[in-house]
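Take a look at the structure below.
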Ligand code: PEP
């Protein structure tokens, strides 16, 4: 049984004060939820403050990106040991906005994933096709390539330490969520790919999140799918009521 995981990606939203306000509201509404991983990924500047606020709570901290080197002359970058010391347990890697706007490649995703694991962070590796690729029918080929290059030479026993986020680019921030069937089809493909490359029992342990316009009114159908283990939530994570509603539906779909 895979533990569900919901992560909120705040992107470049909220000042520290606004972030603290949101965290207080989330703590109040989510404090008693167990058997689910709840992760917040605020901007870098907020991490240490929010880590303090989340101490001894059931909400975990993640970052939105990292550099693959531990330290060095990389002005403006943040490394895995720095994230670790700021209180992070998770880090997003290869988000489509990083790929589209900031030159992230499958090669840098691989280097970041390796560094995250070596430094005790859980990478949430984002993959997914854009609209043109979906229309051209190359979604599975693209997802395979992204997986192959990101996980290259990953030791099988480390597979369960990573989380995969399937995020169709056409669904991110667009309000156009993938249908539950579309999501399940690709999630199943990803698990089959993992099974082919690492064996069925290891593949069964990997959590695969869906991301792309998740909202309280569409999460139930998505989480009911056999291979959907949670969600990576952008816009709806900026509003306490929406994010809490999503978390609660995933925790207890019958509620
Ligand atoms: C995201 O940024 O990963 C995302 C899924 O955004 P949204 O929920 O706003 O589509």
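The values are calculated or read from the model by the stated rules, or taken from the named source; none is laboratory data. Here the structure is a predicted model, which is why all the values come from computation and not from measurement. Counting neighbours? That spans all protein chains shown, and the Cβs are built from the backbone with ideal geometry, glycine included.
Numerical summary
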item	result
Check on residue 3, in contact with a strand residue (DSSP E or B) (Cβ under 7 Å, 6 or more places away or on another chain) and not in a strand (DSSP E or B)	yes
Filter result for the condition that a residue is away from the ligand (no atom under 16 Å from the Cβ) and on the phi > 0 side of the Ramachandran plot, over 199, 212	199
Residue selected from segment 1-26 under the condition away from the ligand (no atom under 15 Å from the Cβ) and under 20 Å from the mean Cα position of the chain (by Cα), by the criterion surrounded by the fewest Cβ atoms within 10 Å (Cβ to Cβ)	1
Test for residue 56: is it at pLDDT below 95 and out of contact with any strand residue (DSSP E or B) (no Cβ under 7 Å at 6 or more places or on another chain)	yes
Residues that are surrounded by fewer than 16 Cβ atoms within 10 Å (Cβ to Cβ) and farther than 17 Å from residue 113 by Cβ, drawn from segment 59-91	71, 72, 73, 74, 75, 76, 85
Test: residue in segment 185-192 that is modelled with pLDDT of 95 or more and part of a loop (DSSP other than H, G, I, E, B)	no
Wholly within segment 199-255, helices (runs of 4 or more DSSP H) carrying at least 2 residues that are touching a residue at least 24 places away in the same chain (Cβ under 8 Å) and crowded, with 20+ Cβ neighbours inside 10 Å	219-223, 240-251
Filter pass, residue 157 being at pLDDT below 95 and assigned to a helix (DSSP H, G or I)	yes
Helices (runs of 4 or more DSSP H) contained in segment 51-122 and holding at least 1 residues within 16 Å of the ligand (Cβ to nearest atom) and over 16 Å from the mean Cα position of the chain (by Cα)	96-101
Residue 83 free of Cβ contacts under 8 Å to residues at least 40 places away in the same chain and touching a strand residue (DSSP E or B) at 6+ places or on another chain (Cβ under 7 Å)	yes
Residue among 206, 247, 177, 169 that is within 15 Å of the ligand (Cβ to nearest atom) and within 21 Å of residue 2 (Cα to Cα)	247
